[in-house]
Structures are given as structure tokens and as C-alpha cells.
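Okay, structure first, notes after.
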Amino acid sequence: MLVIKSAFESTNTDLALLSRDPLTVGDNNGVRFIGDLGFPYSYPGGIPANLAVVKDVAGHADGQAVIAGGVTHVGNGFDFSGVSAIGNYLSIPASVSADIYGAGGGATATAARTGAAVTSVSVTAPGAGYVAGEPQAIFSGGGGSGAAGTVVVDGSGAVTGVTVTSGGSGYSSDPTVTIVPGPQYFMACLYVKLPLLADWPTSTNIATLLQFDEYLSFPDLLTLDMKNTSSKIESRRQTAAGTAAFREVIPQSGDYGGLAQIIYWRNASGVGLRLKTANGAVLATTTPGSPNTQDFSAKTGKAGIGPKWWNNSLVQDVNAKKWRLYRVFIENLRRSGRDPVAVADADYARFAARVARGEFS
């Protein structure tokens, strides 16, 4: 333990601040959770007990180990090789989802057309608690596409209007307008030891690495999983009830069985899924798409063998559980405004240095 005491106090706000993790330096309070299983402050080591605290290195809200049995702490990570049931994971607090989803709620609106284009939007309920500049208007249905608008919020946090910025085209009926509290820009990062290629899922099931819920039936922020097709890693970000936007990367042959960083991000510039190892990086990107219309603000994250999706995988793809979790962080990119790739690269360099020192294996 390092203890620093001083009899002096400075009013110079330009002085550097001490931080438990360099990731949070200059983050504008954007890093909402860091669980680091090789850092004794976050997790002291040993076989995890059910509901053991995993302290948030970023200092917001702690996570916990949810353990049904069989998880060990090996190489400074949670090793899932010995589990025989679902529900073994590091739980990420719901405050992370709530922060990404945004503040405010209750606003509703309807759209009107002239011909095949949207020409106006009327607010039918103003809601409350919104932050100016953050709510998004999402147009869906009506047979067309391309409609867009800017949400106007007054000083009290109520929605007072939606200014149509693009009428779109092809609408045969009035589209539905959904107002969500924020743009939902975020990054999720996992450090793992991947299963061997021989242990990768071979059935049509998915084996999740990170999940917030099951997007087909419930509000969900993000799912990262292993899939049999081409032995790939997938991201599934829910965009509406029962639908999701997918990305995928195929690890290089030398990546299987090795230590890896997996990142997913979404910001105004686009969406990305990347796998990075000592062999290099594999990247898939696309346009940002729309925010999720479903309210996922109460969802906890589950890094590990989660309570859903794995039901069949533990029977049909039993060896897919042979992986290890070392570190996870979630950053609200709306708050931080940072370049997710630059942040991830700097964090990977620090992780690689810790691996070289023998902290992770």
C-alpha cells in the first residue's frame, strides 16, 4: 500500500491528479466501471465467493462476482473451465447502463406527412428530466426511411418540440416517433484468454463473453459472443424490440488460446468491433445506426458465463467455457468525448506490460 501525506494544500487546478488507473486520466468522468481481477484493490484474489465485491477502480459503483460454482482465480483472472451451470460471471452495476441510456423520460410525439415525406412532429407529452442536446428522435415504420429531427428541450428538462431536419422519402403512412434520452455512445472492453480453436463452439448456439440481457425478448445494451460460423467473435447491439445490429471478427489462427483485448464501440463516427492480440488486430466497422429504442437503463452487465444464451452451449459446446476473464471496463463516450481506438490502444499497451511482468497469464 502506498500512503502519501502532505501538510500543504494547493489551489492550482492544473496539477496532475493521482489515479488508481491511468485509463481514467482525462476521461471527463466517462469511464463508468473498471473491474480488474489482477489488481488487489479491485479483487483481492482467491476462489471467488458468490456475491464477493469487485470494486470499481473508476470509483463509481462496485460490481460483484455472481457464482453458481466452479469458477477459480487463475493467472489473475476468473477461469470458467470448471463450471457446470449458467450464472457464473462478474456483474457490472446497472448504473453503467443508466448513464449510457441518458437522463429523462416520458416524452412522446407523433409525425405527420405531406406526400411521402415527414413534414412535422407534434409533441404529445413533454416528459421531464432531459438534458438539452442529448435526446434523440427515432423514426420507424411507415414504409419509408431517412426522416430525422432535432429534439428541443427547455430549461426545465421538458421536450418542447422536434425540428424536422430531413423528411425522408417513401412513407405511405405516418412513422412512429420514439424519443430516447441520449445518443448511447459507449465503449465496452474485455481482456480475456480465448478458448483453443478445438474448444470453440460448434453448434448453432452462441456462447456469450458479455451480455446485459437477451435482446430478442428484453431490453439489452450489448452482447459479445463466440459463434461457430468461421469460429468468430460477434457483437449484437439491440436497436429495437427483437432486433439487433451485428458485427463480427474472425481471430487469426494464433489468437485462439491466447490473451486478447476485445472492444466494441459506438460513437457519432461509427461502430467498431476489434480483437487485438500479440499477433495484431482484426477490425470490423460500420456506420453508427440508430440508438436503441428500448429502455435498458436497469440492466446489469454480465461478463462470464451469463444466465442466458449459455443454456444449450454448456451441453452442446461444453469446451467453449474454457476461457478466462482478466479485466473489463465500460466508458460512456458521450461524457468522455475520447477516441475509443486511441484509448483502447493505450490501455492494451499497459495490459501487455503487466503480462510481461507476469501479472496475467
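Nothing in this text is a laboratory measurement; each read-out follows from the coordinates by a stated rule. Values in this document were obtained by computation on a predicted structure and should not be read as measured data. Note that each Cβ is placed from the backbone with ideal geometry, even for glycine, and that neighbours are counted across all protein chains shown.
Residues 250, 179 in ascending order of nearby Cβ atoms (within 10 Å, fewest first): 250, 179. Each Lys and Arg Cβ is given +1 and each Asp and Glu Cβ -1; about its Cα centre, the range 205-361 then shows a dipole of about 300 debye. For the range 28-91, the set of chymotrypsin sites (Phe, Trp or Tyr not before Pro) satisfying both a DSSP loop assignment and a count of at most 14 other C-beta atoms within 10 Å is given as 41. With θ taken as phi - 60° and the Karplus curve 6.51 cos²θ - 1.76 cosθ + 1.60 applied, the whole-hertz 3J(HN,Hα) list for the range 109-115 is 7, 10, 9, 10, 10, 10, x Hz, x standing for glycine and proline. Of the options (i) 65, 44, 39; (ii) 65, 63, 36; (iii) 85, 56, 39, only one is Cα extents along the principal axes in Å as computed from these coordinates, and that is (ii). Among 182, 242, 30, the largest mean-square fluctuation in a Gaussian network model of the chain, built with springs joining Cα atoms closer than 10 Å, belongs to 242. Panel order for 73, 60, by other beta carbons found within 10 Å of each beta carbon, from fewest to most: 60, 73. Contact order for the chain, expressed relative to its length and based on alpha carbon pairs under 8 Å spaced 6+ residues apart, stands at 21 percent.
Got a sec? Charge dipole of the chain, +1 on Cβ for Lys and Arg, -1 for Asp and Glu; which of 312, 291, 202 is way out at the positive end? So the residue furthest toward the plus end is 202. Taken about its Cα centre, the range 117-257 carries a charge dipole of roughly 200 debye when the Cβ of each Lys and Arg holds +1 and the Cβ of each Asp and Glu holds -1.
Farthest toward the dipole's positive end in the range 170-268, which of 263, 184, 217, given Cβ charges of +1 (Lys, Arg) and -1 (Asp, Glu) about the Cα centre? My answer, from the dipole projection, is 263.
Holding the Cα-Cα limit at 24 Å, pick out from 276/308; 55/227; 193/308; 55/232; 227/322; 55/193 the pairs that are longer than that. Result: 276/308; 55/227; 55/232 exceed 24 Å. Ignoring the sites themselves, the chain has its longest run without trypsin sites (Lys or Arg not before Pro) in a DSSP loop having at most 10 other Cβ atoms within 10 Å at 6-356.
The H on the amide N of residue 241, modeled in the peptide plane, is under 5 Å from the matching H of no residue at least 5 residues off or on a different chain. Angle of helix 340-356 to the longest C-alpha principal axis of the chain, folded into 0 to 90 degrees and rounded to 10: 10°. Most tightly packed first, judged by the mean number of other beta-carbon atoms within 10 Å of their residues, the peptides 220-226, 168-174 read 220-226, 168-174.
Please give the charge dipole size of the chain, origin at the Cα centre, charges +1 on K and R Cβ atoms and -1 on D and E Cβ atoms. Round to the nearest 20 debye. Intermediate results must be reported in sequence, preceding the final value.
Details: 27 positive and 27 negative charges, 113 e Å.
Here the size comes out at about 540 debye.
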